[in-house]
Amino acid sequence: MKKPKPIAEIASTGRFLPDNVVTNDDLAERMDTSDEWIRTRTGIRERRIAPPEMGAAELGARAARVAMERAAVEPGEVDLIIVSTATPDRWLPSTACDMQALLGCSNALAFDVMAACTGHMYGLSMAEGYIASGRGEVALVVAAEKMSAILDWEDRTTAVLFGDGGGAAVLKPANGSGRGILSSHLQSDGNLAELLYRPGGGAVDPLSQSVLDEGRHLLKMQGREIFKNAVRSMAEACDIALKKAGWTALDVDLLVPHQANIRIIEATAKYAGIPMDKVFVNVDRYGNMSSATVPIALDEAIEEGRAGPDANILTVAFGAGLTWGAMTIRM
Ligand code: UT7
């Protein structure tokens, strides 16, 4: 198979995590759970929780500033801002527009993408298409999630799993060296929406006292069903993305998976034939930050020297929608 030629490359990345660390023991003080249960079932030890006044726009803007500085991109040079978030600061306007104002990127167009945990990959793929069309050269792709704001803190089956954070990437046209996005496979299945969703508070069941009293505006998840679908879909997506890139598992230097549960990560790596020493894991420190997990993990991997120049990265994610996808990138 002919090897694909990249159109866009990741020029830089950045991340921001709030300072406040909440451990499993902290949670066990306020709900019927334990460090042992959370660690053995999920791999999570602690997560970061943003202060009340800090929303997704701020979490993402802080990550974006780091990425922009590393790529030596001035705010006025950014052509496109795509923000992935399942926790917009407000319903109107988009969090991307709020973030644009914070960053001073006055020449950009900005919009949100809502694909839950897979959102960063959707954003990267859309930015790649935008660059391919020749309409712009500098894209800021950000994922920012304040999951703590949409959790039911009385529900131990979801509250222990998530955390807050922001991750960012600057995308530019590939320079012909072979670095960049080589392949992607993105998919969704709206028939399974109710496995992971927020039932109320939208236009069909607008915010009301009954929505608030019953917590219909908060996240609900059928964990076991999501688990099964995640493992199957991520395995399939990895296969397809690898094949499109003309790679096998042996070509992968690092797998950067969505960080929801260490057991899902291990099952995905096993299926893909990638040993765990080539898998990036930080779910223990941050929990599931929805779409922010992939860019934050990639940024940490780069900082640790595990995703340096010319490293072959396979990234994969799964989330509400359902949505899922995988991407191969030469750094
Ligand atoms: O980002 C993408 C979306 N999210 C995911 O990918 C998450 C996918 N799902 C999962 O990671 C796992 O299904 C969970 C971690 C959510 C749950 O693990 P599980 O092994 O599937 O546990 P379970 O739901 O089958 O529950 C086992 C038991 C239940 O008790 P009984 O019915 O056996 O008596 C639960 O009530 O564990 C109980 N349980 C807890 N116990 C202590 C559920 N949550 C907790 C908790 N602490 N926090």
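The values are calculated or read from the model by the stated rules, or taken from the named source; none is laboratory data. A quick note: this is a predicted structure, and the numbers were derived from the prediction, not measured. Quick reminder, even Gly has a Cβ in these numbers, built from the backbone with ideal geometry, and neighbours come from all protein chains shown. Just the protein is used for accessible areas: all its heavy atoms, side chains included, with ligands, DNA and RNA removed. Shrake-Rupley method; radii C 1.70, N 1.55, O 1.52, S 1.80 Å.
When the stretch 213-235 is filtered for residues that are touching a residue at least 24 places away in the same chain (Cβ under 8 Å), open to solvent by 20 Å² or more (accessible area, probe 1.4 Å) and of a type outside the set (Lys, Arg), the ones remaining, listed by number, are His217, Leu218, Met221, Gln222, Gly223, Glu225, Phe227, Val231. The strands (runs of 3 or more DSSP E) falling completely within the stretch 121-193 that include 1 or more residues that are not assigned by TED's automatic domain parsing to the domain that holds Ala67 map to 180-188. Which residues, counting only those in the stretch 194-205, are touching a residue at least 60 places away in the same chain (Cβ under 8 Å) and in a strand (DSSP E or B)? Hits for the stretch 194-205 are Leu196, Tyr197.
Looking only at the stretch 245-266, which residues are within 16 Å of the ligand (Cβ to nearest atom) and open to solvent by less than 20 Å² (accessible area, probe 1.4 Å)? Selection gives Val256, Pro257, His258, Gln259, Asn261, Ile264, Ile265. In the stretch 28-45, is there at least one residue being under 16 Å from the mean Cα position of the chain (by Cα) and either at pLDDT 95 or above or part of a helix (DSSP H, G or I) (or both)? Looking through the stretch 28-45, none of the residues is under 16 Å from the mean Cα position of the chain (by Cα) and either at pLDDT 95 or above or part of a helix (DSSP H, G or I) (or both). All of Ala272, Ala237 fail the test of being modelled with pLDDT under 95, among the small types (Gly, Ala, Ser) and more than 14 Å from the chain's Cα centre (by Cα), apart from Ala272.
Let me confirm something: among Ala61, Ala101, which residue is at pLDDT 95 or above, under 30 Å from Thr328 (Cα atoms) and in a helix (DSSP H, G or I)?
Ala61
Within the stretch 32-60, being within 13 Å of the ligand (Cβ to nearest atom) and open to solvent by 20 Å² or more (accessible area, probe 1.4 Å) holds for Asp32, Thr33, Ser34, Asp35, Glu36, Trp37, Arg39, Thr40, Arg41.
Identify, from the list Leu298, Leu314, the residue that is in contact with a strand residue (DSSP E or B) (Cβ under 8 Å, 6 or more places away or on another chain), away from the ligand (no atom under 16 Å from the Cβ) and part of a strand (DSSP E or B).
Working: Leu298 fails: part of a strand (DSSP E or B).
After ruling out the rest, the residue left standing is Leu314.
Might you check whether a residue that is over 22 Å from the mean Cα position of the chain (by Cα) and crowded, with 16+ Cβ neighbours inside 10 Å occurs anywhere in the stretch 8-27? Yes, there is a match, as at least one residue in the stretch 8-27 is over 22 Å from the mean Cα position of the chain (by Cα) and crowded, with 16+ Cβ neighbours inside 10 Å.
Here the condition is being surrounded by 24 or more Cβ atoms within 10 Å (Cβ to Cβ) and either of a type in the set (Ser, Thr, Tyr) or not assigned by TED's automatic domain parsing to the domain that holds Thr85 (or both); of Gly321, Gly287, Gly305, it holds for Gly287 alone.
For the criterion of being open to solvent by less than 50 Å² (accessible area, probe 1.4 Å), in contact (Cβ under 8 Å) with a residue 60 or more places away in the chain and among the acidic types (Asp, Glu), Asp98 fails. Just to be sure, is Ser233 on the phi > 0 side of the Ramachandran plot and either assigned by TED's automatic domain parsing to the domain that holds Val142 or within 16 Å of the ligand (Cβ to nearest atom) (or both)? It is false that Ser233 is on the phi > 0 side of the Ramachandran plot and either assigned by TED's automatic domain parsing to the domain that holds Val142 or within 16 Å of the ligand (Cβ to nearest atom) (or both). Scanning the stretch 157-204 for residues being over 19 Å from Ala56 (Cα atoms) and open to solvent by 40 Å² or more (accessible area, probe 1.4 Å) gives a total of 18. Note on the stretch 70-92: residues that are in a loop (DSSP other than H, G, I, E, B) and open to solvent by less than 50 Å² (accessible area, probe 1.4 Å) total 8.
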